[in-house]
Structures are given as C-alpha cells and as structure tokens.
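What follows is a set of notes on a single structure, which appears directly below.
The values are calculated or read from the model by the stated rules, or taken from the named source; none is laboratory data. Just so you know, these numbers come straight off a predicted model, no measurement behind them. In this analysis, Cβ positions are derived from the backbone assuming ideal geometry, glycine residues included, and neighbour counts consider all displayed protein chains. We work out accessible area using only protein heavy atoms, side chains counted, and drop any ligands, DNA or RNA first. Shrake-Rupley method; radii C 1.70, N 1.55, O 1.52, S 1.80 Å.
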Amino acid sequence: MIPHGPRDVVNVDKTITETMRSGGEISIVFDRRLADRLKVVLMIDNGGWSMDPYIEIVQTLFNYARSQFKDLRIYYFHNTLYGRVWSDPQRHLKPEAIEEFARRDPDTRLIVVGDAAMAPYELMGTNGAIYVGQQESRSSEERLKFLVRTFRHAVWLNPQAESTWGFTWTIEAIGKIFPMFELTLDGLEKAVQHLMRRH
C-alpha cells in the first residue's frame, strides 16, 4: 500500500546501500510511514474446522497488519458476516453492529479474510445465522452488500486455492459481491492494487 506523509523514518537497508555506493560518505535515506494515513478494518473468520488449516497464515497476516497500520481495527466472525462482528477472538464480549460501520470513513480499507465456505442457507437465509439465539432481520448476503457499498475499498482474501473456488457455491456467490483474491503473495499484491485504486 502506498505510503503517505512526510519522509521521517530512516530506512536502514537503503541507508547502508547508498552509503556504500557513495564510497563511505554517509547517505541517510528516509521513507514515509505507511501507517500515517491509512485506516484499515480487518475482519477475520476465526471459527470452524474449515479455517483450521489456515490459522498459521492468517496469524502471520494479522501480526504483519498490526505492525503496519496506525489505525487498524480487527474484528472476528464465523463463516460469514451477520448483524454483528466481535473485537475479541472468542466472539463473546465485544460485539459491534454491522450498521455501525456506516459511520466510518468511506476511505477506510476493508479486508475480510475467510474461506467463504458454508451452507448456502447461512449466506442467503434471513435466519441463516448459526449463533444460538441470534435472530437476524436480513441475510448475510445483504450485510455483505451493505459493507461493499459502505467501503469503496474492500476485498475478500480467501486462503483456499483459487482453483478450488468453483466447487463451493458460497465462494462463488461471495465472489460476486466482494472482489476476492487468494491469500498468497500474488493474491495479496493484486488485492493491494485493488485497494489502492481511486474510486
């Protein structure tokens, strides 16, 4: 993602390289902080057996994101987004209503991480939420469309191999709502390019 703001961070590697190039005369190289202006909302599917194989890669992404952005908000969900997400990984203590995200800066980057694999009724049904006692007035599909309208810079990162997406109906359905990218280096690069486009 493109850094903004003043060049006020010393890039040690580039400083060493430039100092060697200039025959030992110290050449300090400054970079811009990436964290200065970007606001990022990261929503992570951290529930269910289907995400278990991807825990390590998602944790790596989580740790990297935490260190890169000044204004990073992380939320958790299971399978898909219903009426609320949680800011605690256990998904019990700190819920936030999806409608509250309409108050956020529309230039915020929304990144959803999940395999998008679930029973079709969870995505399409008005009462598709799998949480005990949770009554929904709208389907998850409607909630996802709301988020894409709210945040013009939004992507879905899927840890499953893109070659397998066509075998799961809900992955294809969510891919029609969210720009979806594989959670690989190549996929991340494409997702970042999409997030940085001007809308």
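Return the residue satisfying two criteria in turn: it lies in segment 143-168 and is without any contact (Cβ under 8 Å) to a residue 60 or more places away in the chain and more than 20 Å from Y54 (Cα to Cα), and of such residues it is most open to solvent (accessible area, probe 1.4 Å). By that ranking, first place goes to R149.
So which pairs qualify, if the first residue must be in segment 87-100 and free of Cβ contacts under 8 Å to residues at least 12 places away in the same chain, the second must be open to solvent by less than 70 Å² (accessible area, probe 1.4 Å), the Cβ gap must be under 6 Å, and the two must be at least 6 apart or on different chains? Correct list of pairs: K94/W86; K94/S87; K94/D88; P95/W86. Out of A154, A161, A65, A116, one residue alone is on the phi > 0 side of the Ramachandran plot and touching a strand residue (DSSP E or B) at 6+ places or on another chain (Cβ under 9 Å). It is A116. Candidates are the residues of segment 40-77 that are of a type in the set (F, W, Y) and under 10 Å from the mean Cα position of the chain (by Cα); the one that is farthest from L183 (Cα to Cα) is Y75. Within segment 171-199, residues that are charged (D, E, K, R) reach partners that are open to solvent by less than 100 Å² (accessible area, probe 1.4 Å) and in a loop (DSSP other than H, G, I, E, B) with beta carbons closer than 7 Å, at six or more positions or on different chains, in the pairs E182/A161. Among the residues of segment 102-117, those that are surrounded by 14 or more Cβ atoms within 10 Å (Cβ to Cβ), assigned to a loop (DSSP other than H, G, I, E, B) and not polar (S, T, N, Q) comprise R104, G114, D115, A116, A117. The criterion of being in contact with a His (Cβ under 7 Å, 6 or more places away or on another chain) and buried (at least 18 other Cβ atoms within 10 Å of the Cβ) holds for D45. Scanning segment 33-47 for residues that are over 14 Å from D107 (Cα atoms), in a loop (DSSP other than H, G, I, E, B) and at pLDDT 75 or above yields a total of 2.
Mind listing just one residue for me: the one in segment 78-101 that is within 17 Å of the chain's Cα centre (by Cα) and in a helix (DSSP H, G or I) and, of those, farthest from D45 (Cα to Cα)? In this case the residue turns out to be F101. Restricting Y76, Y54, Y121, Y82 to those that are at pLDDT 80 or above, hydroxyl-bearing (S, T, Y) and touching a strand residue (DSSP E or B) at 6+ places or on another chain (Cβ under 7 Å) reduces the list to Y76.
Scanning segment 55-78 for residues that are within 21 Å of M118 (Cα to Cα) and open to solvent by less than 50 Å² (accessible area, probe 1.4 Å) yields V58, Y75, Y76, F77, H78. Given the options L123, L188, name the one that is aliphatic (A, V, I, L, M), closer than 14 Å to F77 by Cβ and part of a helix (DSSP H, G or I). Residue meeting the stated conditions: L123.
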